[in-house]
Every structure is written in C-alpha cells, then in structure tokens.
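Report on the following structure.
The values are calculated or read from the model by the stated rules, or taken from the named source; none is laboratory data. All values derive from a computational prediction rather than experimental measurement. Because the Cβ atoms are built from the backbone with ideal geometry, glycine has one as well, and the counts that use them run over all protein chains shown.
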Amino acid sequence: MDTASHRQTEGEKRVASLLQALPLDEFHCYIDPRIDRDSKTSRYPDFLIVWRSRGVIALEVKDWLEIIKGDSKQVHIVKRDGSEKTMENPARTARDYALSLKELFGKSRELLKEHRGSENLYFPCEGIAVLPNFPMSTVSALEVAGLFDENNVLSWDDLVDTQAFLRALNRLRWTFDLRVPLNDDQLDAIEYALAQTRIDPVPNVIANGVTPIVSKQREERRGDLTEEQENIVLSPFPPKRTGVYVHLVRGTVGSGKTLVLAKRARRLAKMRPDWKILVTSFHLDITGDLRNRISDERISVKAIYAVCETILGEKYPKAEEYRGSFGPRAIRNWTRTEEAFISGVELTLPLVEAEIARRKDARLEDTYEYLDDLRSRHRGFTTDQQDALCFLHDLYREYQERLKNGGQEWADWEDVQKLTLDALHGHKLQRSYDAIFIDEAQDFSPQMMEIVKRLIRPGGYLFMCDDPVQCLWREFNWREKHIYPDKEETLSYPLRTTQAIMNLAQGLLDSEPKMKSEHDWNTYPAPAHINVDLGDAPTLIGCVEIHEEYRAVEQIVRAALSGIDDLNGIAILCPTSHQTAAWSKLEWVNETKTYVSHFNRIKGLEFDIIIIPHLGTLLNNRQSIDQNRIVLPLRKLFVAVTRARRQLHITYTGSLPSQLQILERYAVIHG
C-alpha cells in the first residue's frame, strides 16, 4: 500500500498490513474514509472495514505508550516522544464514528429495511479503538477501571497475525447479527455513499485490488475522474426486476462519456463475475478505443454490426469492400447514379441517402406515413422535393429487388438490421446478455435498439451514453426508439479541449438552433470547468488560391513540430473523403506523420492540434437551400473542432459562406 503522502504511525502500518491480508471476497477495507458531509467536522476514521457477513467497523488507532488515568470521556496519555497530553477517549471517538456511519448510510434506501413499522439499517455499524502498544492484560485492566467497554478495544495481542485479528473482530460486541450477508448491491451502495462524502476523486480502498489514494485532500487534475464522472461510475447498480433497467447518461462533447462507460462496465464485471456483458457502439473506431480501455476478457466488446455479423453468420451480406473487408451495400453508391436528377430538384446526395436510410430504419414503407414523418420533423421540403424523395426511395427499392431476383448481394447496411432481427428468433444469443453498454447511442436506429432489447435478458441492465448534438447518422429521439430511461444523468463539463476552442464550438452551435434537439437544454451551453485551460484562440486563415491553403497548413504543422516539445498528435480533418485522398498523397504529410481523415470518420478522435482545411466547401451551394439541410454539415464541423485538445486552425479558399461567418467572432483572422 502506497503511504507516501500519509505519515502513518507504526501501529497504523501494522493494522494496514493486516487489512490487506483479509479475504477479498469477505472484506472491503478503506483508509482514511470521510464519513460525513459536513465541511466543519470532516470526520475521518483511520480505517473502515465492510465485513460482508457481519457489518461495518470504524477503527481508531492510537500509538500511545501509556494511559496514566482517565474515564469514559477523556484519557491522560504518554506519547511516543515521552510527552504527556489529555486526549479524547479513543473508544468514545470510535463510537461517534459509528453514529456518523449510521446517519450516512441511513440516507440510502438500498441499505434500509423495515422493522416494526420503521426503517432501519440492514446491518450494524460499530466503532472500536486499537492500541497497538498495549498488551491484552493492560486493556483488560482498563476495562475493569471503566475506561473501555468489554471487547471494544484491540490490543497488541490481537495484531500478532491475521488469525488473531480475525478472532478479535469476531468477539466484538455487535449491535445485532446479520441473518443474511450483504449482497453485491448493498456493498455497491455502501461504497457509493462513501463516495458522496469524499474530496478525493478516487476511492481510498485497500485490500480489494484498488490502489489507495491515502491523502485526505487532493486537487483534481486532468486525467482523474471528476466528481460528476465518479458519481456515475460508483452509483449503485439496480437490483434485478421484471423488466430491463435503462440508465442513460447524456453529456456535452468531451465530457468523458466513454471513460465513464468503460469504468462502469469494468466495475460491473468485477462485482458480478457471473454476468455476461456486452459493450457496443455504432462506430468501429470508438469500439476499438473501448476495447483498449476495457481490456477485460469477461466483457465482450463489439461494434453493433459485428454483433449482427455474428448472428447472421454466412448470411451476412458481402457486396462491397469497406475498410479492408467485404460488407453490405452503401446507399450512397446508388445515389451517385442519380446525381443529375437529385441536383435538379435542389437536393444533395447525402440528404437523399439519409432519408432513404431513415425510412428503412423506422420501417416507414407506406408513403403517407413517411410524409407525416417529414412534416413532424419540420424539414421544410417543397412539394416537388417530397415527391422526389418518395420517387427515389421507390426507385432504389426496385433496384434492390432486381439484384435479389438476379441472385446477387442486394442488402445494404439498413437491411442488415432487419435480417438480424429475423435471424435472432431461436438464436443462441437471444436473451443471452445480463448487461449491455452502448456508447454514442444517439447513432442507434429504432431497429438497432430492437436488436439490443432482444439480446438482453429480462431483469438486465442497459447503460447508454449519448449526445444528440453529435448525431451524424440517424436522427431519432428515444420515444421513436421505444426506449424510456429509468434513470437519466448528465455530464456537463467539457474536459477534452480548451475554453477558447469550446467558445467557438458553442458559438457555432448557437448560430443554428436546429443543431440542438429538445433534449439538449440541460447539456448545452457547456459550463467551463476548473480543470480546463483558457488556451489560444483558434485561427481562421483565408487564402486566395488552393496551393496557398496547402502551404498555410504545412507551415502550421512544421511550426508545431519544431516549437512544441510535448506535442501529442496533429490531424488534418477534411469535409470530404476526396479531399482526404489529396492530402494523403502529399510528401510532407507522410514525412511529418500527420494524421489525415474526413468528417465521416472523426468520432472518437483526439489530437493536440486539429487543422480543418477547405471550410469554404463544407456547405457548397447550400446557401440557397433552407436551414434544415445545413444542420448535418454544421454538426460534423462542431464535432471536428472539438477533437482538438490544445490548438485549432481552420483554413479556406475564396470567401467564407455566410452561415460560417460566426466563426470570425471567436478566432484570430489571417489573410
């Protein structure tokens, strides 16, 4: 146990070593736990033992050499340095700790039971003093003299070894005996109650595999769990019930949703090793990050489409290459064949693709149902555009039918969901998971959520993290997904980036109200956190020619590499994949190992420096299109700028679209 920041006495070291040797399945032990919420008292026992079979014990350890005189309230003692002092009787101090513990735990309904018309703690709380330098004969004499109650003070003889220590704990005068040992839910509730009192952001746990934080005060630092993150990670897991318990965590960008999800999944696996747990996401990159964060063989970490492939087996569509392997068809490859018609009705390829996908996701086969859906979303399409969307949907379905009749692979990514639901009937994975954790759940469609609900057992636990502002693929609210959370919490502080960059992102968000949903009122605007640096203002660089823009970006990269010692990554994030391909071919980009990607593959990324080129092409000709249809590209830009931890640079050629001129308020302008 690390004791570098806590000057333990020899007696405390002895007790700590004994606690570490106790059986892990029976004892949960804490060092210096805070057991009240009153800043004026701030009570800290030396140790706390949570004994599954008996109850809770607070320990007050005193390394005194001799007690000259005293009573039940005070004692006159000789300290190790030979000085004398009158002190509070440690047995009385320990009893006060026990009362504080009863008050603390009594606020948690999970720890109460009804007895004779009133609610009382399920388990006893006791307090004992430990005198490591006193033999048992001296302690017995002090009991006879009335200083201590019998069997409530441990002596040197009780600390000889683990067996002697356990015998001493067993002969304590317990208020009552537990008929049934504490279960995992109750142990979890006890730890959560203690977590609410701490100033430290990490549990001071020993003897259970967790490295202790032994100081009573510590400033929060980036990389530690914040208080609101820790409250979610350590909150009690719900008891099993008839239906699935749904726990939703909403969070602003960079607030640590993925971190919280990973830690909570690992915590559940540790508490309930017999549970089958799945962690999933829509995104391959985020799933890979989750796999690295969790690294627990008891937890299965798979992207949702990888889960679908496991269920479908050989029936999984393999029509087109995607990221090095074959998978389903992409609707966008078909929309390119109709580009002239789509442009003629002032629609865009991504928009048509998204609308076809939405109809399939929500099973809006009937045209009138789809038109009602359009009106409910206030999309603002003209009658001709609505007719065109319906015509294109039907045309695409006819194309798929021809492929199917011809014996070719016909299914797209949206079809995989329906195929998976059909294949789940009687499949070994149906109702097989006790708990499922979903990251970036805003990108899950109603059919994806239906798959999840069929995978989880009755009485299971469904934990989801989402941020509707970062919804880049599917815009469905939770009612449309038929999900009704039992518990909803918010992570409000953006911790990834600087305040200057977040101000620009918030300004972009405020410039178009439709980027936010009805559920975002308590998430944005995101308040500044004490751990977030103000940072440098983003730069906005206008260029006359495209080659000038390339040169400006190269200068930014080379200046950063030569001027920043602890630099952790530079990324160029482009609006389109075609632009990404052009940057990737540049010799200096490969030489400097600069990461290059596009807006459709930015989820889960973090770099010290983010450069966004070609901003003038983000909206193309969308200035003539109503505001409803610039929401998606603006959301992608919002997500892109918030990938930056330290610096943000934005470049463009020509003039800046009017919808993006809001950025000039928050950036240093060049060119």
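Miscellaneous remarks
- For region 438-466, the candidate set comprises residues that are farther than 18 Å from Lys240 by Cα, part of a strand (DSSP E or B) and among the charged types (D, E, K, R); within that set, the residue that is nearest to the chain's Cα centre (by Cα) is Asp439.
- Filtered residues of region 528-553 (kept if touching a residue at least 24 places away in the same chain (Cβ under 8 Å) and surrounded by fewer than 16 Cβ atoms within 10 Å (Cβ to Cβ)): Ala528, Ile530, Asn531, Asp533, Leu534, Asp536, Val544, Glu545, Ile546, Glu548
- Any strands (runs of 3 or more DSSP E) falling wholly within region 46-118 and containing at least 1 residues that are without any contact (Cβ under 8 Å) to a residue 60 or more places away in the chain: 47-51, 66-70, 74-78, 84-88, 112-115
- Selection within region 120-146 - of a type in the set (A, V, I, L, M, F, W, C), outside any loop (DSSP other than H, G, I, E, B) and under 30 Å from Ser108 (Cβ atoms): Leu121, Cys125, Ile128, Ala129, Val130
- Listed by first and then second residue, the pairs linking a residue in region 151-169 that is under 15 Å from Ile128 (Cβ atoms) to a residue that is assigned to a strand (DSSP E or B) and aromatic (Phe, Trp, Tyr), with Cβ atoms under 9 Å apart and 6 or more places separating them unless they lie on different chains, are Leu169/Trp51.
- If you filter region 228-258 down to residues that are of a type in the set (D, E, K, R) and farther than 20 Å from Val301 by Cβ, you find that the one that is farthest from the chain's Cα centre (by Cα) is Arg241.
- Restricting region 91-119 to residues that are among the polar types (S, T, N, Q) and within 34 Å of the chain's Cα centre (by Cα), the residue that is nearest to Gly146 (Cα to Cα) is Ser100.
- Among the residues of this structure, Pro538 counts as one that is closer than 20 Å to Ser655 by Cβ and modelled with pLDDT of 95 or more.
This table checks each residue for (1) in contact with an Asp or Glu (Cβ under 6 Å, 6 or more places away or on another chain); (2) crowded, with 21+ Cβ neighbours inside 10 Å.
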{"residue": "Arg43", "(1), (2)": "yes, no"}
{"residue": "Leu48", "(1), (2)": "no, yes"}
{"residue": "Val61", "(1), (2)": "yes, yes"}
{"residue": "Gly70", "(1), (2)": "no, no"}
{"residue": "Lys73", "(1), (2)": "no, no"}
{"residue": "Gly82", "(1), (2)": "no, no"}
{"residue": "Tyr97", "(1), (2)": "no, yes"}
{"residue": "Leu111", "(1), (2)": "no, yes"}
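- The combined condition, being farther than 30 Å from Asp536 by Cβ and assigned to a strand (DSSP E or B), is not fulfilled by Glu480.
- Flag if Gly604 is modelled with pLDDT of 90 or more, in contact with an Asp or Glu (Cβ under 7 Å, 6 or more places away or on another chain) and not hydroxyl-bearing (Ser, Thr, Tyr): no
- Within region 245-287, being in contact (Cβ under 8 Å) with a residue 60 or more places away in the chain and of a type in the set (Gly, Ala, Ser) holds for Gly251, Gly254, Ser255, Gly256, Ala265, Ser281.
- Among the residues of region 377-393, none qualifies, meaning not one is farther than 26 Å from Val233 by Cβ, touching a residue at least 60 places away in the same chain (Cβ under 8 Å) and touching a Pro at 6+ places or on another chain (Cβ under 8 Å).
- Conditions (1) touching a strand residue (DSSP E or B) at 6+ places or on another chain (Cβ under 6 Å); (2) under 15 Å from Asn152 (Cβ atoms); (3) of a type in the set (Phe, Trp, Tyr); number of the one not met by Tyr122: (2)
- Criterion: surrounded by 18 or more Cβ atoms within 10 Å (Cβ to Cβ) and of a type in the set (Lys, Arg) - qualifying residue of Arg474, Arg457: Arg474
- Boolean, Tyr396 is more than 30 Å from Gly288 (Cβ to Cβ), of a type outside the set (Val, Ile, Thr) and either assigned by TED's automatic domain parsing to the domain that holds Arg241 or touching a residue at least 12 places away in the same chain (Cβ under 8 Å) (or both): yes
- Qualifying positions in region 374-428 - surrounded by 14 or more Cβ atoms within 10 Å (Cβ to Cβ), among the charged types (D, E, K, R) and outside any helix (DSSP H, G or I): Arg379, Glu409, Asp412
- Scanning region 326-356 for residues that are closer than 22 Å to Arg635 by Cα, assigned to a helix (DSSP H, G or I) and touching a strand residue (DSSP E or B) at 6+ places or on another chain (Cβ under 8 Å) turns up just one, Ile331.
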